[in-house]
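> Input: one structure, supplied below.
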């Protein structure tokens, strides 16, 4: 093996079970470069999440968490209708892509609770909203135009605010990666991890 690759081969199957691995004579041969999968993108339309990636043939590994789905022991349950999504792309012979995250939530388009009887059944129109962050920029899609979207840090400091245009809002912030942003869309607030 090339001398620079000996430790790598000692750690990987099936070469790790070889008794002795010796370096090649006459100089090193560089280890082949392993390509990295392109970072995937997340979109939502017609009740479905869609994942795409520029690496042809890549597969997606996703994790979706919903805080509403758990046991409750109170007589009142607050539903947030929020999914926290993380996904990365993978392909044989490639290094896994960076992980991207998004938050999918539903906001009431026309909230209405006044005058409803206790046993009444009503449908409240809700809009699916996809919130993503990249390098401190928070992007919100799927909202009506003219809606104020604000971003706050967890200590209550306002990081930015815009009015949505054509169903989109983009708010640049100085929030560091790994922090939590509170995104306020109209009267709904959602916690979002900042990437």
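Each value in this text was obtained by applying a stated rule to the coordinates, not by laboratory testing. Owing to the predicted nature of the structure, the values given are computational and were not obtained by experimental measurement. A quick note on method: Cβ atoms are made from the backbone with ideal geometry, for glycine too, and the neighbour counts reach across all protein chains shown.
> Out of 98, 74, 54, any idea which swings most in a Gaussian network model of the chain, alpha carbons joined below 10 Å?
Highest fluctuation among the options: 74.
> Looking at the chain as a GNM with Cα springs under 10 Å, which of 156, 136, 47 has the largest mean-square fluctuation?
47
> Inverting the mean 1/r over all pairs of different Cα atoms, compute the Kirkwood radius of the chain and quote it in Å.
20.4 Å
> Kindly provide the helix-only [θ] at 222 nm of the chain, computed as the sum of -39,500 (n - 2.57) over DSSP H runs of four or more divided by all residues, to the nearest 500 deg cm²/dmol?
-500 deg cm²/dmol
> Next question, about the same structure. How high is the relative contact order of the chain, in percent, with contacts defined as C-alpha pairs under 8 Å that are six or more residues apart?
Relative contact order comes out at 13 percent.
> At 7 Å along the Cα-to-beta-carbon direction for both residue 72 and residue 189, put a label point, then send me their distance in nm to one decimal.
Using points 7 Å along Cα→Cβ, the separation is 2.0 nm.
> While we're looking at this one, here's another question. Could you calculate the FRET efficiency of residue 174 with residue 39 from 1/(1 + (r/R0)^6), where r is the beta carbon distance between them and R0 is 22 Å, rounded to 0.05?
0.50
> Follow-up question, since we're still on this one. Compare 176, 40, 32 in a GNM of the chain, Cα atoms joined below 10 Å, and give the one with the largest fluctuation.
Residue with maximal mean-square fluctuation among 176, 40, 32: 32.
> Between residue 161 and residue 96, how high is the FRET efficiency from 1/(1 + (r/R0)^6) when r is the Cβ-Cβ distance and R₀ = 45 Å? Nearest 0.05.
0.80
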